[in-house]
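Only the coordinates and a few stated rules stand behind these numbers; no lab work does. Owing to the predicted nature of the structure, the values given are computational and were not obtained by experimental measurement. Glycine also receives a Cβ, built like all others from the backbone with ideal geometry; neighbour counts cover every protein chain displayed.
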């Protein structure tokens, strides 16, 4: 499984040092990532590369904005493979993503 690699200092910098705002943004990420992960799993199950691209891209962007590098890197890998026409990477690594998203929920 991949490491979360959360750059908390970067995330806090994005909120100009506002801890309360950071917690709100993390809550939003946790909620949106549930939907994105469900979309990813659905797309994998149906072999829908466009669906994998959409879900992975959404996860990648949201994670990047909060310095959650583990999620960003894994989502980027899934998205790139789907752009090449394969859902295999996403299928093989979806449990890794689930683990990373669970780690984010523990923050």
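Worth a mention:
- Cα Rg, Dmax (largest Cα-Cα span) when computed across region 51-102, Å: 9.9, 29
- Spin-label pair residue 86/residue 30, simplified geometry with 7 Å Cα→Cβ offset, distance in nm: 3.6 nm
- Computed over the Cα atoms of the chain, the ratio of the radius of gyration to the Kirkwood radius (Rg/Rh) comes to 0.99.
- Going from the residue with the fewest nearby Cβ atoms within 10 Å to the one with the most, 68, 53 rank 53, 68.
- For the chain, the longest principal axis of the C-alpha atoms and the axis of helix 88-105 are separated by about 20°.
- Each Cα pair under 8 Å and six or more residues apart adds its separation to the average, and for the chain the resulting relative contact order is 33 percent.
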